[in-house]
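See below for the structure under consideration.
The values are calculated or read from the model by the stated rules, or taken from the named source; none is laboratory data. Bear in mind the structure is a predicted one, so any value in this text is a computation, not a measurement. Here Cβ is always computed from backbone atoms with ideal geometry, including for glycine, and neighbour counts include all displayed protein chains. The accessibility values were calculated without ligands, DNA or RNA, using every heavy atom of the protein model including side chains. Shrake-Rupley method; radii C 1.70, N 1.55, O 1.52, S 1.80 Å.
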Amino acid sequence: MYVSEDQFKEMLENAKKSNDPVNQTNLGFVYFNGSGSFLRQNFAQAIYWYRKAAEQEYADAQYKLGLIYLTSKKNYDLDDAIKYLEKAANKDDENANLLLGTIY
């Protein structure tokens, strides 16, 4: 998802003001991927925003957080990956179910 610098600032402000897990997950996604020349990848911020949304039981954030924990060299943590993937799978997230099946 490419966002302009102005869109990013608006997303960040909205995520800080509200406790909306969709906004938080979208912001985590932008941090995870970076956007243009103004924003480099920042896995620590991606994890921070995904975790905020995951703690609100938002399945998409739980899946993405589990995926980071599973695939990241720096943040690898199989136990946390499985924990968040199971939470997402219990909400019928198909991607989480497939990934858990592969892990097991």
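Exactly one of (1) among the hydroxyl-bearing types (Ser, Thr, Tyr); (2) open to solvent by 80 Å² or more (accessible area, probe 1.4 Å); (3) over 26 Å from THR102 (Cβ atoms) is unmet by SER4. Its number? Failed condition: (2).
Just checking, does region 29-36 include any residue being surrounded by fewer than 18 Cβ atoms within 10 Å (Cβ to Cβ) and more than 14 Å from the chain's Cα centre (by Cα)? Yes.
Can you name the residue in region 64-92 that is open to solvent by less than 50 Å² (accessible area, probe 1.4 Å) and over 14 Å from the mean Cα position of the chain (by Cα) and, of all such residues, is nearest to PHE32 (Cα to Cα)? Ranking the qualifying residues of region 64-92, first place goes to ILE82.
Considering ALA53, ALA46, ALA61, the condition of being touching a residue at least 40 places away in the same chain (Cβ under 8 Å), within 29 Å of ASP6 (Cα to Cα) and open to solvent by less than 70 Å² (accessible area, probe 1.4 Å) is satisfied by ALA61 alone.
A quick yes/no check of all residues on (1) modelled with pLDDT of 95 or more; (2) within 26 Å of MET11 (Cα to Cα):
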site: LEU39; (1), (2): no, yes
site: ALA44; (1), (2): no, yes
site: LEU70; (1), (2): no, no
site: ASN97; (1), (2): yes, no
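Among the residues of region 11-50, those that are in a loop (DSSP other than H, G, I, E, B) and of a type outside the set (Asp, Glu) comprise SER18, ASN19, GLY34, GLY36, SER37, PHE38, ARG40, GLN41, ASN42.
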